[in-house]
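Have a look at the structure below, then the notes.
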Amino acid sequence: MFKLDERLFKDTVVLGDFTLCRVLLMNDSRYPWLILVPRRAGISELFELEMAEQQQLWQETSYVGQVLKDVFQADKINIATLGNVVKQLHMHIVVRMQDDAAWPAPVWGNGAAQGYTDEALAAMRARLQAAFNGYWQTIEASV
């Protein structure tokens with residue numbers, strides 16, 4: 001049974017579900033940053049997914065990257081799976097701008113996260129929901 005890693009749950013806001021992945025917003029207002037987590041138990045590596053699921057993950061990742069690039073007029077979209085701290089397979093999709101806090105370095109380990117205020121979170125959620133136009137199914141944040 002799928003269960004979101006506790007650290008991902010603590011560091012993110014659950015937005016909804018795509019066909020394969022849970023859609024998370026990293027709670028760091030310095031960067032628009034989504035994380036996709038395949039809803040499969042016990043998976044830590046991309047190659048552990050079935051081939052069709054690997055293709056679905058890549059389709060969902062590409063779609064998110066394209067939408068985020070358009071919506072935020074990004075200079076670059078960073079896409080990565082690391083898993084050195086959180087073993088559960090997850091895909092980071094980070095909007096990068098030449099004037100962001102970490103440019104041109106990676107965002108990981110670069111300064112302290114600045115969580116969203118309630119107002120900023122509501123605005124970001126609305127902006128993303130409009131941008132993805134119902135592509136994800138909204139779920140309860142307590143999931």
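The values are calculated or read from the model by the stated rules, or taken from the named source; none is laboratory data. Just so it is clear, the structure is predicted and the values come from calculations on it, not from any experiment. When we count neighbours, we look across all protein chains shown, and the Cβ atoms used for this are built from the backbone with ideal geometry, even at glycine.
Anything in the stretch 22-32 that is out of contact with any strand residue (DSSP E or B) (no Cβ under 8 Å at 6 or more places or on another chain) and either assigned to a helix (DSSP H, G or I) or among the hydroxyl-bearing types (Ser, Thr, Tyr) (or both)? List them, or say none. I'd like the intermediate steps shown before the answer.
From the stretch 22-32, those out of contact with any strand residue (DSSP E or B) (no Cβ under 8 Å at 6 or more places or on another chain) are 28-30; that's our starting set.
Scanning the stretch 22-32 gives a single hit, 29.
Going by the structure shown, is residue 58 among the hydrophobic types (A, V, I, L, M, F, W, C), modelled with pLDDT of 95 or more and crowded, with 17+ Cβ neighbours inside 10 Å? Full working, then the answer.
Working: among the hydrophobic types (A, V, I, L, M, F, W, C): yes; modelled with pLDDT of 95 or more: yes; crowded, with 17+ Cβ neighbours inside 10 Å: no.
Considered against the rule, which asks whether it is among the hydrophobic types (A, V, I, L, M, F, W, C), modelled with pLDDT of 95 or more and crowded, with 17+ Cβ neighbours inside 10 Å, residue 58 comes out as no.
Would you mind finding the one in 35, 93, 79 that is out of contact with any Asp or Glu (no Cβ under 8 Å at 6 or more places or on another chain), assigned to a strand (DSSP E or B) and more than 21 Å from residue 126 (Cα to Cα)? Even if it seems obvious, please write down each step before you answer.
Details: 35 fails: more than 21 Å from residue 126 (Cα to Cα); 93 fails: more than 21 Å from residue 126 (Cα to Cα).
After applying the criteria, what remains is 79.
Take the residues in the stretch 10-28 that are surrounded by fewer than 16 Cβ atoms within 10 Å (Cβ to Cβ) and within 14 Å of the chain's Cα centre (by Cα), then tell me which one is nearest to residue 117 (Cα to Cα). Give the steps one after another, and end with the answer.
So in the stretch 10-28, the residues surrounded by fewer than 16 Cβ atoms within 10 Å (Cβ to Cβ) come out as 10, 19, 27.
Going one step further and asking which of them are within 14 Å of the chain's Cα centre (by Cα), we end up with 10, 27.
On the way: 10: 16, 27: 10 Å.
Among those residues, the one meeting the criterion is 27.
Could you say which residue among 110, 78 is over 16 Å from residue 129 (Cα atoms) and under 15 Å from the mean Cα position of the chain (by Cα)? Let's see the steps before the verdict.
Numbers: 110 fails: under 15 Å from the mean Cα position of the chain (by Cα).
Among 110, 78, only 78 is over 16 Å from residue 129 (Cα atoms) and under 15 Å from the mean Cα position of the chain (by Cα).
For the stretch 104-116, does any single residue satisfy the condition of being touching a residue at least 60 places away in the same chain (Cβ under 8 Å) and touching a Lys or Arg at 6+ places or on another chain (Cβ under 6 Å)? Talk me through it step by step, then tell me what you get.
Filtering the stretch 104-116 for residues touching a residue at least 60 places away in the same chain (Cβ under 8 Å) gives 107, 111, 113-116.
Those still in the list that are touching a Lys or Arg at 6+ places or on another chain (Cβ under 6 Å) too: 114.
Yes, because at least one residue in the stretch 104-116 is touching a residue at least 60 places away in the same chain (Cβ under 8 Å) and touching a Lys or Arg at 6+ places or on another chain (Cβ under 6 Å).
Residue by residue, here is whether (1) of a type outside the set (S, T, N, Q); (2) modelled with pLDDT under 95; (3) crowded, with 17+ Cβ neighbours inside 10 Å holds:
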position: 82; (1), (2), (3): yes, yes, no
position: 92; (1), (2), (3): yes, no, yes
position: 95; (1), (2), (3): yes, no, yes
position: 110; (1), (2), (3): no, yes, no
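Can we say residue 41 is small (Gly, Ala, Ser), assigned to a loop (DSSP other than H, G, I, E, B) and touching a helix residue (DSSP H, G or I) at 6+ places or on another chain (Cβ under 7 Å)? Give the steps one after another, and end with the answer.
Values: small (Gly, Ala, Ser): yes; assigned to a loop (DSSP other than H, G, I, E, B): yes; touching a helix residue (DSSP H, G or I) at 6+ places or on another chain (Cβ under 7 Å): no.
No, not satisfied.
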